[in-house]
Amino acid sequence: MVDCEHGNIDDSEMYQSVGALASAGSSPIIRTVGSEPMMIKRAIDCGAHAVMIPMCESKVSLYLPLKTIIITQGSKEFRS
């Protein structure tokens, strides 16, 4: 897992970490800094297989960020 919430990881390091994990046969998971759509999209766009979003205590708290991503990205697929 690439922990962007507690680690000092910028977009470039996140992208490199995801590539390294995937090439080693692991499934890269990124823990984002927050639930803002921009942060979630960056994690997905760099190739993460899954995204952990901190401080989400219900499906309702994810509804708006995910709705925004689905509308703007169009082709992305989300499962709960």
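How many of the residues in the stretch 33-80 are hydroxyl-bearing (Ser, Thr, Tyr) and modelled with pLDDT under 60?
Number satisfying all stated conditions: 4.
When you check Met14 against the structure, is it buried (at least 18 other Cβ atoms within 10 Å of the Cβ), modelled with pLDDT of 90 or more and of a type in the set (A, V, I, L, M), yes or no?
Here the answer is yes, as Met14 does meet what is asked.
Contact list please: Cβ distance under 9 Å, first residue in the stretch 25-38 and closer than 10 Å to Cys4 by Cα, second residue loosely packed, with under 12 Cβ neighbours inside 10 Å, pairs at least six apart or on different chains.
Arg31/His6; Gly34/Met55
The values are calculated or read from the model by the stated rules, or taken from the named source; none is laboratory data. Everything quoted here is computed from the prediction, not taken from an experiment. Cβ: placed from backbone, ideal geometry, glycine included. Neighbour counts: every protein chain shown.
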